[in-house]
Each structure stands twice: as C-alpha cells, then as structure tokens.
Amino acid sequence: VDAKARSAREREYIDVKRPWPMAPEEWEASAQEVLPQQAFDYVAGGAGLEQTMRANRDAFYDWRLVPRMLTGTTERDLSVELFGARSPVPFFLAPVGVQALFHDDAELAVARAARNMKIPMVLSSAASTSMEEVAEELGDSPRWFQLYWLNDRDITASIVKRAEAAGYTAIVLTVDTLSLGYRDRDVRNQGFLPFIVGQGIAQFTSDPVYRSRLEKPPEEDLEAAGMLWVSLFPNLGLSWDDLAWLREQTSLPVLIKGVLSGDDARRAIDNGCDGVIVSNHGGRQIDGEIAALDALPDVHDAVPDDFPVLMDGGIRRASDILKALILGAHAVLIGRPYIYGLAVGGQTGVERVLEQLILELDLTTALLGAASIADLDRSFLTRRPA
Ligand SMILES: Cc1cc2nc3c(=O)[nH]c(=O)nc-3n(C[C@H](O)[C@H](O)[C@H](O)COP(=O)(O)O)c2cc1C
C-alpha cells in the first residue's frame, strides 16, 4: 500500500472533516477505493462461490426482534466478562491476520483503538506484528491469543508459552483452518498468499524455536522464513486427542474456534476445553456450508447454559448482535467491519466503526425494552413468517 497516498486520505477525514462512512457497506466500499485489489480481495473474499459468506448474512434476516413496551428501563448494562477479558459491550475483536496489508500501523493501530474503546482484542497467529509488541501497545487492556497449531509441537509450545507470558488470558484454537480454503479471488490474483513472501508470520519470525529451524535469520532471508511457515501450516492430522497435550503446555483456558455442530461442542467439552466459538471463518474455508448463526441453536442446546459460547460470521449491525445473543451466544466477535475501518482511517477508522456499532447497540437495546444481556431471552425473537 502506498503509505503517502493513504495518509493523505486519512487526513481528509481527520483534518478536512470529510464525513466518515457510516453503514458497513459504505466502509467496505471506501476500503475498496484505498486498498490495492489483492489486499481488498483478501479481506472481502471467501471460499468458492462465496455462498457461505452470503448465508452468514442471510441467516440474520430469518429472525425478527420482538420488543417489550413500557418496561421503564432507563439504564443499560451491556458488559460481559469472559476469561479475564471484560468488555463494556458484548463483542470482542475477531482475530484477523496480516493486517499490514490494510494499514502500515497494522495490529498496533487496532490495539490502540481496542485499548481506547476498552474492547478486548483477539490477536491472530497470522499477524504482521509480534504478540509482545501488541501486548505492549495494549498495556493492561484485555486480550486473547488465537492459535494456529502448526505441524510442529515445539514451535506451538513456544508460541503458547509466550502468549501466556505476554498477558493474553485465553488461547483461541482455530480448528476450521488446518489448511487454507480455496478462495477464488486469491487464486485469480496470481495465487495471492501473503505468507509465501514472509507477510503475516511475525509470531514465528520472533520465536526462538522457529528461528532455530532456519538456516539464515528472517532478517536476512524472509522468503525462506515464509516458505517454512507455508510448509508447516497444513496440519490436517490434528485430532481431539491432541488437546490433552495442549492443556499440558498452558494453564490458560482454551476455546475452540470453528465449531458448527452440537456434536463437536460436546467433544470440545469432553476434551477439556473451556469454551467454543461458533464460526465458519467468515465463509473463507468451505463454500456452501452452514451459516454460523444457523449453527448456534444446536451448539447452545448441546452445552450447559453457563458454558461459554461465542459466535462470529456476518455480524454487521446491532440487531445482528442482539439476535446472536438471544440465540445463545454469550458474546460475538466483530471481523471484517473493523478491518475496513483500519484500511480507511487507521486507528481512528477502527474507533469510528466501533463507536457507530456501540451507539446503535445501546439505542436498539433500549428500544427493545431490555436493561441487560441477561434480560434477552427467547421471547425477544421470532422466526420470520414463511
Ligand atoms: C482477512 C481475514 C483474516 C482472518 N484471519 C484469521 C486468523 O488469522 N485466525 C482466525 O482464527 N480467524 C481469522 N479470520 C476469521 C475471523 O476471525 C472471523 O471468524 C470472521 O472474519 C467472521 O466473519 P465476518 O468478518 O464476515 O463477520 C480472518 C478473517 C478475515 C476476513
């Protein structure tokens, strides 16, 4: 990305007071204007025909909110707390890799925005910035670490221990991406894969065990470091039995991200996991799979009420968050929308996106007649008439 062109654009918003985009679609369109085609396609695209991406959105339209009138509630408390991460609103920032594709300040800009807004950040294993640098920027702001379990236990153990030492209070093990999905847009863009050229592997180039696998340090040969990552990434042999080993490496709670059935939720519990995230990776992995929201009720029914269930995939507006909470999520993750904010306006762009969402959420909850998330039971939701 041309840094000069982009910062001139940011100044338009900040100094010239050009109005920020408002609706999520407008943020996406503005991001498309500033990003190189391949970076925009990397975030905006999904697997194959992108049916899963569309299904994630469509699923929300199948439900309608049912408000309660004259409840006399003037104050609202929408805060949640999960595994040492407290948030004033029931959402966290989803792990999104390779943020240097979208802004030069990358994860550091997002960390500053997260800290200012007091919203927990889930840092990606595929980030452009090391977990220690992000932790420093976050100060005492809450954070979790998302783990891609590379096909090398020594490296994985080292990564997990560093996350614990750097103050991340939970490990989010992503299980839907043991190999990257077939994404048409990236294939069309000459097989765009940032990792091959050493982008998005900062957790690994900063890792002593990973470095010990390289002939030359990454500072001298970044491409070789990228090729090693690409060779270690596929890990299709991973199974539920391996979780016992992960539990031995860390005392942190482990959440499984990518659960889409009650059966797998039960397996997660049976294997000692502390929470699940219902997710299809934003439709980036399997084309034509179940929408994340549609999988939520089955997962909810399979686990005890107090077992933490989060959800992501297609959350764009306040009503989406409320519907997911009513269907059993304890919190949701925001993905692409904050990345479009990052692309358009760096830290400030992320903050604007989050502010707009918080404002809409607070107002909509008030109008629904609820004072807290605990109030939001199934009576607030109905299926859309056939
Ligand atoms: C560009 C991009 C990169 C992502 N990188 C990761 C990642 O490194 N680890 C992970 O667990 N999920 C990753 N995700 C998935 C998100 O965490 C989340 O599940 C998804 O974005 C939710 O869908 P939505 O953004 O359409 O709401 C990524 C998503 C996008 C769009």
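The values are calculated or read from the model by the stated rules, or taken from the named source; none is laboratory data. All figures in this text were calculated on a predicted structure; none of them were measured in a lab. So basically every Cβ, Gly included, is an ideal-geometry build from the backbone, and we count neighbours across all protein chains shown.
So the check is Cβ under 7 Å with 6+ separation or different chains; which pairs have a first residue in the stretch 126-141 that's at positive phi and a second one that's of a type in the set (Asp, Glu) and within 13 Å of the ligand (Cβ to nearest atom)?
Final answer for the pair search is none.
Within the stretch 16-38, track down each residue that is without any contact (Cβ under 8 Å) to a residue 12 or more places away in the chain and more than 22 Å from the chain's Cα centre (by Cα). Steps first, please.
Restricting attention to the stretch 16-38, the residues satisfying the condition of being without any contact (Cβ under 8 Å) to a residue 12 or more places away in the chain are 16-19, 23, 25-26, 29, 33.
Across the stretch 16-38, the qualifying residues are VAL16, LYS17, ARG18, PRO19, GLU33.
Only one of GLY282, GLY272 is modelled with pLDDT of 95 or more, at positive phi and within 16 Å of the ligand (Cβ to nearest atom). Can you tell me which? Give the derivation first.
On the way: GLY272 fails: within 16 Å of the ligand (Cβ to nearest atom).
Matching residue, one of GLY282, GLY272: GLY282.
Of all residues in the stretch 203-230, which are assigned to a helix (DSSP H, G or I) and loosely packed, with under 12 Cβ neighbours inside 10 Å? First the steps, then the outcome.
Pass one, the stretch 203-230, residues assigned to a helix (DSSP H, G or I): 203-205, 208-212, 222-230.
Scanning the stretch 203-230 gives PRO208, SER212, GLU223.
Yes/no matrix, rows are residues, columns are (1) over 22 Å from the mean Cα position of the chain (by Cα); (2) among the hydrophobic types (A, V, I, L, M, F, W, C); (3) on the phi < 0 side of the Ramachandran plot:
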position	(1), (2), (3)
PRO194	no, no, yes
GLY198	no, no, no
PHE204	no, yes, yes
PRO217	yes, no, yes
LEU246	no, yes, yes
LEU293	no, yes, yes
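State yes or no: is VAL80 more than 16 Å from the ligand (Cβ to nearest atom), buried (at least 19 other Cβ atoms within 10 Å of the Cβ) and within 24 Å of GLY314 (Cα to Cα)?
Working: more than 16 Å from the ligand (Cβ to nearest atom): yes; buried (at least 19 other Cβ atoms within 10 Å of the Cβ): yes; within 24 Å of GLY314 (Cα to Cα): yes.
For VAL80, the condition - more than 16 Å from the ligand (Cβ to nearest atom), buried (at least 19 other Cβ atoms within 10 Å of the Cβ) and within 24 Å of GLY314 (Cα to Cα) - is met.
From the list PRO24, PRO95, PRO90, exactly one residue is closer than 30 Å to ALA370 by Cβ, modelled with pLDDT of 95 or more and either in contact with a Lys or Arg (Cβ under 7 Å, 6 or more places away or on another chain) or hydrophobic (A, V, I, L, M, F, W, C) (or both). Which is it? It would help to see each step written out before you state the result.
Details: PRO95 fails: either in contact with a Lys or Arg (Cβ under 7 Å, 6 or more places away or on another chain) or hydrophobic (A, V, I, L, M, F, W, C) (or both); PRO90 fails: either in contact with a Lys or Arg (Cβ under 7 Å, 6 or more places away or on another chain) or hydrophobic (A, V, I, L, M, F, W, C) (or both).
Criteria check complete, one pass: PRO24.
Return yes or no: is SER261 within 13 Å of the ligand (Cβ to nearest atom), of a type in the set (Ser, Thr, Tyr) and within 25 Å of ARG378 (Cα to Cα)?
Details: within 13 Å of the ligand (Cβ to nearest atom): no; of a type in the set (Ser, Thr, Tyr): yes; within 25 Å of ARG378 (Cα to Cα): yes.
No.
Please go through the stretch 231-247 and pick out each residue that is under 20 Å from TYR182 (Cα atoms) and either in a helix (DSSP H, G or I) or in contact with an Asp or Glu (Cβ under 6 Å, 6 or more places away or on another chain) (or both).
SER231, LEU232
Answer yes or no: is there a residue in the stretch 62-73 that is over 23 Å from ASP294 (Cβ atoms) and in contact with a strand residue (DSSP E or B) (Cβ under 7 Å, 6 or more places away or on another chain). Full working, then the answer.
Narrowing the stretch 62-73 to residues over 23 Å from ASP294 (Cβ atoms): 67-73.
Next, from what is left, pick out any that are in contact with a strand residue (DSSP E or B) (Cβ under 7 Å, 6 or more places away or on another chain): none.
No, there is no match, as no residue in the stretch 62-73 is over 23 Å from ASP294 (Cβ atoms) and in contact with a strand residue (DSSP E or B) (Cβ under 7 Å, 6 or more places away or on another chain).
Please specify each residue of the stretch 274-302 satisfying the condition of being out of contact with any Leu (no Cβ under 8 Å at 6 or more places or on another chain) and of a type in the set (A, V, I, L, M, F, W, C).
ILE286, ALA291, ALA302
Can you say whether ASN280 is buried (at least 19 other Cβ atoms within 10 Å of the Cβ) and either without any contact (Cβ under 8 Å) to a residue 12 or more places away in the chain or of a type outside the set (A, V, I, L, M) (or both), as far as the supplied structure shows?
Details: buried (at least 19 other Cβ atoms within 10 Å of the Cβ): yes; either without any contact (Cβ under 8 Å) to a residue 12 or more places away in the chain or of a type outside the set (A, V, I, L, M) (or both): yes.
For ASN280, the condition - buried (at least 19 other Cβ atoms within 10 Å of the Cβ) and either without any contact (Cβ under 8 Å) to a residue 12 or more places away in the chain or of a type outside the set (A, V, I, L, M) (or both) - is met.
Given (1) aliphatic (A, V, I, L, M); (2) modelled with pLDDT of 95 or more; (3) in a helix (DSSP H, G or I), where does LEU49 come up short, assuming only one miss?
Checking LEU49 against (1) aliphatic (A, V, I, L, M); (2) modelled with pLDDT of 95 or more; (3) in a helix (DSSP H, G or I), the one that fails is (3).
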